[in-house]
Each structure stands twice: as C-alpha cells, then as structure tokens.
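These notes concern the structure reproduced below.
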Amino acid sequence: MKSFSISSKNIIKKWYFIDATDKILGRLCTSISHYLRGKHKEIYTPYMDVGDYIIVINASKIRLTGKKTKKKIYYRHTGHVSGLKKVKFSDMIINNPEKVIKKSVYGMLPKGPLGRLIFKKLKVYRNSFHNHHSQKPILLEI
C-alpha cells in the first residue's frame with residue numbers, strides 16, 4: 001500500500017466566520033486554533049499549513065467564567081530594566097478586544113515559522129462588520 005502525502009497545490013482553503021457573542025474565551029480559541037491548523041481535515045499534516053481562514057466577529061462580547069474578568073492580567077516586558085507591563089482583562093476588552101482573542105489563539109499554535117504563517121489566517125473584528133464578504137465565508141457554529 002502506498003503512503004499518501006499531500007502537496008501544497010492540492011490544498012483547498014475555505015473561509016469561515018464565527019460570532020463570538022457570549023462565547024467563553026478559552027473554548028472558542030481552542031476551536032479556532034483547531035480549524036486554523038487544519039486538524040478537522042483528513043489530509044492534516046503536522047508540518048504543513050493545511051488549515052482554513054477564520055474570521056471572528058463581535059470580539060468585544062466575549063466572556064470569561066468565574067472571577068477572571070476582574071483578576072486576569074496580561075503581562076509583557078519591554079526589555080529594559082523594570083520594564084514589566086501589566087494590563088487587566090477588563091481594560092483590554094474595552095480598549096483592544098481583538099488582541100484578547102489573538103493573544104489566546106497565538107499561544108495555542110506551534111512556535112516558529114509555521115505557527116506565524118498559520119496565525120496570519122486569523123482575522124478578528126471588534127463588532128459585526130468585516131471586509132471579507134467577497135470570500136463568501138461560511139458560518140461556523142461552535
């Protein structure tokens with residue numbers, strides 16, 4: 001029996017969109033990363049980009065469980081001495097809700113060039129308006 005290996009010419013990439021209204025952040029992002037990597041396809045190959053494009057709308061209406069809305073803190077470091085910066089989830093969801101979803105999905109993707117290539121296929125929007133109508137995205141129920 002011959003082994004099957006997909007070539008990059010034979011990969012068909014679809015466009016999906018997800019409405020994030022009242023969805024739990026972690027559960028939504030695991031599903032998004034699953035579709036971005038292409039694990040839902042039978043031609044999944046770990047070292048190739050076989051996944052689909054994902055559009056997330058209404059990112060400002062995402063929610064967390066428990067007391068995480070008040071206690072969750074995002075950290076980053078500037079690289080300078082005493083350069084640790086902290087941003088609360090409650091502030092980030094008001095100022096930049098797209099970054100909340102992007103940061104969560106990015107952590108679930110593989111590290112390195114393949115992960116960065118896959119991450120470019122994620123489009124996140126604050127409200128229900130997006131510019132990808134010509135791609136005819138399919139609604140993905142999660």
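The values are calculated or read from the model by the stated rules, or taken from the named source; none is laboratory data. Note that the structure is predicted; figures quoted are calculated from it, not measured. So basically every Cβ, Gly included, is an ideal-geometry build from the backbone, and we count neighbours across all protein chains shown. Remember, those area values only see protein heavy atoms, side chains included, never the ligands or the DNA or RNA. Shrake-Rupley method; radii C 1.70, N 1.55, O 1.52, S 1.80 Å.
Some values worked out for this structure:
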{"item": "One residue from 21, 30 being within 18 Å of the chain's Cα centre (by Cα) and open to solvent by 60 Å² or more (accessible area, probe 1.4 Å)", "result": "30"}
{"item": "Long-range neighbours under 7 Å by Cβ, at least six apart or interchain, first residue under 14 Å from residue 45 (Cα atoms) within the stretch 6-20, second part of a loop (DSSP other than H, G, I, E, B) and of a type in the set (S, T, N, Q)", "result": "6/45"}
{"item": "Selection status of residue 94, part of a helix (DSSP H, G or I), of a type outside the set (D, E, K, R) and over 15 Å from residue 33 (Cα atoms)", "result": "yes"}
{"item": "Residue that is nearest to residue 93 (Cα to Cα), among those in the stretch 36-61 that are of a type in the set (Ser, Thr, Tyr) and either in contact with a strand residue (DSSP E or B) (Cβ under 7 Å, 6 or more places away or on another chain) or in a loop (DSSP other than H, G, I, E, B) (or both)", "result": "53"}
{"item": "Complete set of residues in the stretch 14-56 that are polar (S, T, N, Q) and under 14 Å from residue 101 (Cβ atoms)", "result": "21, 30, 31, 33"}
{"item": "Any hit, the stretch 93-101, residues being touching an Asp or Glu at 6+ places or on another chain (Cβ under 8 Å), hydrophobic (A, V, I, L, M, F, W, C) and within 30 Å of residue 13 (Cβ to Cβ)", "result": "no"}
{"item": "First in the stretch 107-133 and small (Gly, Ala, Ser), second anywhere and open to solvent by less than 50 Å² (accessible area, probe 1.4 Å) and not in a strand (DSSP E or B), Cβ under 7 Å, 6 or more apart", "result": "115/109; 128/58"}
{"item": "Residue match in the stretch 59-66 (condition: surrounded by 13 or more Cβ atoms within 10 Å (Cβ to Cβ) and closer than 19 Å to residue 131 by Cα)", "result": "yes"}
{"item": "Residues (open to solvent by less than 70 Å² (accessible area, probe 1.4 Å) and more than 29 Å from residue 130 (Cα to Cα)) located in the stretch 67-99", "result": "78, 79, 83"}
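Listed here are the residues, each with its yes/no results for (1) open to solvent by 90 Å² or more (accessible area, probe 1.4 Å); (2) in a loop (DSSP other than H, G, I, E, B); (3) farther than 20 Å from residue 62 by Cα.
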| site | (1), (2), (3) |
| --- | --- |
| 101 | no, no, no |
| 110 | no, yes, yes |
| 114 | no, no, yes |
| 118 | no, no, yes |
| 123 | no, no, no |
| 128 | no, yes, no |
| 131 | yes, yes, yes |
| 141 | yes, yes, no |
